[in-house]
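One structure is given here, and the rest of the page talks about it.
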Amino acid sequence: MVVVVILGVLAGLIVPKLMGRTDEAKQVKARADIAAISTSLKLYRLDNGFYPTTEQGLNALIEKPDVEPIPVKWSKDGYLSKKKIPRDPWGREYFYLCPGVNNEFDIISYGSDGIPDGKGKNMDINSWDIE
């Protein structure tokens, strides 16, 4: 009986703290995805001398582009280990722009609301803010 009471008290203290962290966890996941995609884009550039264009998109990391510029040394295994482009934690595609406005390329998740310039839980996650 004492064990049940202790578990109840612990659950009462811990669960509320974890419940409010879902949005924060999704933002961390988006940062990790963007960092991984950025690394894959840099490998693409090392092989080919340029990043995929906006038109080619992130899909160029898993399938050899068939629009100019055609990569000559494209890796036959692609550049993402799971051979698919991840979606952001809210289920949307990451926005890719090359050349970027802030860097050579920009990758953006528009957060939980999917609208640019969000704040708080709706905060945008940008590649240029990730080190």
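Only the coordinates and a few stated rules stand behind these numbers; no lab work does. Quantities reported herein were computed from a predicted structural model and do not represent experimental measurements. So basically every Cβ, Gly included, is an ideal-geometry build from the backbone, and we count neighbours across all protein chains shown.
Tabulated data for the structure shown
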| read-out | value |
| --- | --- |
| Relative contact order (%) - the stretch 24-129, alpha-carbon pairs under 8 angstrom, separation at least six | 26 |
| Loop trypsin sites (Lys or Arg not before Pro), the stretch 36-92, which have at most 10 other Cβ atoms in a 10 Å radius of their Cβ (DSSP) | LYS73, LYS76, LYS82 |
| Inter-label distance, nm, simple model (7 Å from Cα along the C-beta direction), ALA25/ASP77 | 3.1 |
| Separation of the ARG92 and ASP117 label points, Cα + 7 Å toward Cβ, nm | 1.5 |
| The stretch 24-129 - Kirkwood radius from inverse mean 1/r over Cα pairs (Å) | 14.0 |
